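Below is one structure; the comments refer to it alone.
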Amino acid sequence: IHMTEYSRFPTPDAEAEHIESKIIERVHEQVRSGNDRQKDTKQDIAGVLADHVGGFHLDSDVGVSVSTDIAHAATIEQLTTTAFSKGITEAVHMARSLKNPHLLKELHNALTDIFYDRLVASGIIQKE
C-alpha cells in the first residue's frame, strides 16, 4: 500500500478522529476476544497507525540518509506538528521523502505516544 489516501479526510482533525476510532475498535476487539490486556495498548496504537499509512518504512534504501541527534529531534518535532496541522498521512509522506528510516521509526513512536496520551487523557483507556 502506498499513500493513496491524501484527500480521504477533509481535515487533519478528521484523520486523527478516524485513527482514534480505529484504535478504540482494536482495543475493544481484544477485550471481546478475551484478551483483557491493556498492557499491549501501545502495540495496538502502533499497528493502527502503520495500517493507516501503509507502514513506516521507506519504499527503497536508495539515497538513505542519517541525521545528528539534535537535527533528528527537531525534525521529529516538525513532523509531529505537521501530523496534526496537515495530517498524519502528509507527515509520513514528508518523513519518507527524507529517506531516513530512523526518522520514520521515531515518528511512528512519537505518534503512538501522542495517541496513547490522548486516549488516556480522555478516559478511553487506562494508563499502563
Any residue at all in the stretch 13-26 that's loosely packed, with under 15 Cβ neighbours inside 10 Å, among the polar types (S, T, N, Q) and at pLDDT 80 or above? yes
Residue that is modelled with the lowest pLDDT, among those in the stretch 1-12 that are open to solvent by 40 Å² or more (accessible area, probe 1.4 Å) and over 18 Å from Thr81 (Cβ atoms): Ile1
Collect the residues in the stretch 71-122 that are out of contact with any helix residue (DSSP H, G or I) (no Cβ under 7 Å at 6 or more places or on another chain), open to solvent by less than 60 Å² (accessible area, probe 1.4 Å) and either among the charged types (D, E, K, R) or outside any helix (DSSP H, G or I) (or both), keeping them in residue-number order. Asn100
Would you please list the contacts, defined by Cβ atoms under 9 Å and residues six or more apart or on different chains, that run from a residue in the stretch 50-76 that is modelled with pLDDT of 80 or more to a residue that is outside any loop (DSSP other than H, G, I, E, B) and open to solvent by 90 Å² or more (accessible area, probe 1.4 Å)? His72/His102
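The values are calculated or read from the model by the stated rules, or taken from the named source; none is laboratory data. In this text, all values refer to a predicted model and were calculated from it rather than measured experimentally. Using ideal geometry, Cβ is built from the backbone for each residue, glycine included, and neighbour counts are taken over all protein chains shown. Keep in mind that these areas ignore ligands, DNA and RNA; they rest on the heavy atoms of the full protein, side chains included. Shrake-Rupley method; radii C 1.70, N 1.55, O 1.52, S 1.80 Å.
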